[in-house]
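S.K.: Got a structure for you, questions after.
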């Protein structure tokens, strides 16, 4: 006599697997709470992102904003399981203060059109939520994605103007002397370079604070992904990114001058002008990687620890 065993409907064959979202989203009450939090966050900040996409993010100076936001969200997503696995140890006082401060910044920024407050408020809001639900350990775990959001905040115009003017003058000066030494008929008047019959104005996007700000963000992301543990090494590389960004700006300006001189003004102001922005970041990345190799010689133990 044989006995027939009936399998549950959900376990028939290898094709019966859990849906793809089962490993991503929590279930039950946790899923409902998470959904409410995400809906509230979207209600607050999607209008902000929409406004940014039609204003500062559409400019050359702040075009890195969406990338910074996407990378920060991706880093938080990568930490989701580690944060969820933490024992809940809420810090209600600190969390409430941080959350209330973030909401206050948002209201001030939104109503008074202070975009720096409006964008920066999301850091305090997220930090407050982590403290309220999981406690300080979760905040320490997610500190870098929250810190990285600082780089999507539009810089104050007064600060940009004050720093960019001497930067443009310095970049123009160095580019002029290098190209003149190479035999090109280059002259300079302030931040205007004259090569042959052409005159080029070194704009803010070509040699400004924002490009250094973006390259600094790239360097910090690189250090985080590499997992370096030495504070001295990280601080050294972060400081060296400033002259690296300056050299990359000089290379960008020289490329534009050379293209204009050899192929005409239309070539220099067309596709090549936009492509020079990519050259800026490629040159900065290559110089940063070369600097990192040199630092390997100075911090060998920390490099092996990070690799392990």
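Values quoted throughout were computed directly from the atomic coordinates according to the rules given, and no laboratory measurement underlies them. All figures in this text were calculated on a predicted structure; none of them were measured in a lab. Methodologically, a virtual Cβ is constructed for each residue, glycine included, from the backbone with ideal geometry; neighbour enumeration extends over all protein chains shown.
S.K.: What three numbers, in Å, describe the spread of the alpha carbons of the range 27-152 along their principal axes, ordered from the longest?
M.R.: Dimensions of the range 27-152 along the principal axes of its Cα atoms: 44, 28, 26 Å.
S.K.: Next question. What order, most packed first, do the peptides 239-252, 170-183 have when packing is the mean number of other Cβ atoms within 10 Å of each residue?
M.R.: By packing density, highest mean first, the sequence is 239-252, 170-183.
S.K.: Show me the ranking of peptides 108-120, 143-155 by mean Cβ neighbours inside 10 Å, starting with the highest.
M.R.: Result, highest mean Cβ count within 10 Å first: 143-155, 108-120.
S.K.: Here is a further query. Report the semi-axes of the equivalent ellipsoid for the range 168-255 in whole Å, largest first, where each axis is √(5λ) for an eigenvalue λ of the Cα gyration tensor.
M.R.: 32, 12, 9
S.K.: Based on the Cα gyration tensor of the range 81-123, what are the three equivalent ellipsoid semi-axes, each the root of five times an eigenvalue, rounded to whole Å and given largest first?
M.R.: 28, 12, 5
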